[in-house]
Amino acid sequence: MIGEPYEAMRQRSSAAIGPAIPGQVSFNIPQSDARLLFIDPQYGFVTPLARFFTVIYRNELIYSVRMSPQIEPLLLDDTLKVVLELQEQWRKAGWIPTRANDFPPFADTPQWRAQLRDVSKGGTTYWQAGNQYQVMMVVNRFRDYKRPTEERYLIKLQLATPWVKP
């Protein structure tokens, strides 16, 4: 939960994560792959497992979460499956797209696929839960040195209190 005591999250977590440094603005990274279980009773959602996952805190309260909800760079079909599933969870929980004319929700369309394949474009969408939370999801093509002949994609997600005006 954004705004909750960091230690409460840490005690509930099934992933090992270090303690907060009192009076500081910092972040910690789980010591294993982890998924975000956002437990807000109205706006909650769950992500796939993530390798990159940071919990940012300020004065020992959770300030934001930044993560990539995947274990490795994904193929385009798998990327779309993840982002569409997250958007569907948000939609069902009452989140609404923010600035949808400029940053529309992702969709499995030829236009979106072409835009995501363009290494200089990618895509970004913002969703807001009332006046409490906002999430930004970004997808970009990613050069995966393990698979240099494949088109791979990286999903980035940030969750915090609203920072982009509707």
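Computing Rg and the Kirkwood Rh from the Cα coordinates of segment 76-160 gives a ratio, Rg/Rh, of 0.99. Computed log10 I(q)/I(0) for segment 6-68 at 0.16, 0.25, 0.30 Å⁻¹: -0.49, -1.16, -1.45, from the Debye equation with unit scatterers placed on every C-alpha and solvent omitted. If r is the Cβ-Cβ distance from Arg117 to Tyr145 and R0 is 30 Å, what FRET efficiency results, to the nearest 0.05? Calculated transfer efficiency: 0.95.
Averaging sequence separations of C-alpha pairs under 8 Å and six or more residues apart, then dividing by the length of the chain, give the relative contact order as a whole percent. Over the chain, the number comes to 20 percent.
Under 5 Å between amide hydrogens, built in the peptide plane, is the criterion, and for Gly122 it picks out Arg141 among residues at least 5 positions away or on other chains. Each of Ser64, Ser14 has some number of other Cβ atoms within 10 Å of its Cβ, and from fewest to most they run Ser14, Ser64. Rg and Dmax of the chain, based on Cα coordinates, read 16.2, 49 Å. Between Leu36 and Thr47, the built amide H atoms are under 5 Å apart, and every one of these is 5 or more places off in sequence or on another chain.
Seen against the Cα atoms of the chain and their longest principal axis, helix 76-93 is set at about 50 degrees. Close amide H partners of Asp144, meaning residues 5 or more places away or on another chain with modelled amide H under 5 Å apart, are Arg152. The aspartates and glutamates whose alpha-carbon is closer than 14 Å to the alpha-carbon of Lys121, local same-chain residues fewer than 8 away aside, are Asp102.
Working note: 222 nm ellipticity from helices only, DSSP H runs with n ≥ 4, each -39,500 (n - 2.57), summed and divided by the residues of the chain, gives -6000 deg cm²/dmol to the nearest 500.
A short reminder: the numbers here are calculations on the coordinates, not readings from a lab. This one's a predicted model, so the numbers in the text were calculated from it and none came from an experiment. When we count neighbours, we look across all protein chains shown, and the Cβ atoms used for this are built from the backbone with ideal geometry, even at glycine.
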